[in-house]
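Notes for the one structure printed next.
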Amino acid sequence: GIGLQYKTGPLAAFYTFHAVDNVVDNHAVGGLYDFGVAKVMATYIFNSFEAANTEDETAWSLGVNAPIGAGVIGLGYTAQSDIAGIDGNDIDVWALTYKHNLSKRTYAYTGYQRQDPDGGDAIDTFGVGIAHSF
């Protein structure tokens, strides 16, 4: 694998390539722009599988994070197609998160995610927790 990263001022971008011999080639590209009042980010991922009769897998996402007081609220959307190389195995995912800084090294977080697969029932997930860096 190899990765490149660029960052200057409010702009950041990356590209990665990872290959598993005779299995898959993975490409990912993304970027972020910090407007001060919010950070906007986007990514695109492309997986090319070596197996016969296997579709290329793609995913893209858009997100925004905005500071609110001592915390950050985030909203994101991801669309993924042909998951694991299976034609028509697609999913859309929405996520809403909040991270609240309790101290310099500790924060509390909560989040909600809705996964909506094509041809299947939607899955709602909630999470809450506390994280501390040592």
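A few comments on the model shown:
- Scope segment 79-115; condition open to solvent by less than 70 Å² (accessible area, probe 1.4 Å), on the phi < 0 side of the Ramachandran plot and of a type in the set (D, E, K, R); matching residues: Asp90, Asp92
Here's the yes/no breakdown for (1) in contact (Cβ under 8 Å) with a residue 24 or more places away in the chain; (2) assigned to a strand (DSSP E or B); (3) in contact with a strand residue (DSSP E or B) (Cβ under 6 Å, 6 or more places away or on another chain):
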| site | (1), (2), (3) |
| --- | --- |
| Ala19 | no, yes, yes |
| His27 | no, yes, yes |
| Tyr33 | no, yes, yes |
| Val37 | yes, no, no |
| Ala66 | yes, yes, yes |
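- Some residue of segment 104-114 being touching a strand residue (DSSP E or B) at 6+ places or on another chain (Cβ under 6 Å), under 30 Å from Val24 (Cα atoms) and part of a loop (DSSP other than H, G, I, E, B): no
- For Asp34: the one exception among (1) surrounded by 14 or more Cβ atoms within 10 Å (Cβ to Cβ); (2) modelled with pLDDT under 95; (3) acidic (Asp, Glu): (2)
- So His27, is it out of contact with any Leu (no Cβ under 9 Å at 6 or more places or on another chain), open to solvent by 70 Å² or more (accessible area, probe 1.4 Å), more than 20 Å from Gly129 (Cβ to Cβ) and at pLDDT 95 or above: no
The values are calculated or read from the model by the stated rules, or taken from the named source; none is laboratory data. The model shown is predicted, which means the values in this text are computed figures rather than measured ones. Every residue, glycine as well, gets a Cβ built from its backbone with ideal geometry; the counts of neighbours run over all protein chains shown. To get the accessible areas, we keep the full protein, side chains included, count just its heavy atoms, and leave off ligands, DNA and RNA. Shrake-Rupley method; radii C 1.70, N 1.55, O 1.52, S 1.80 Å.
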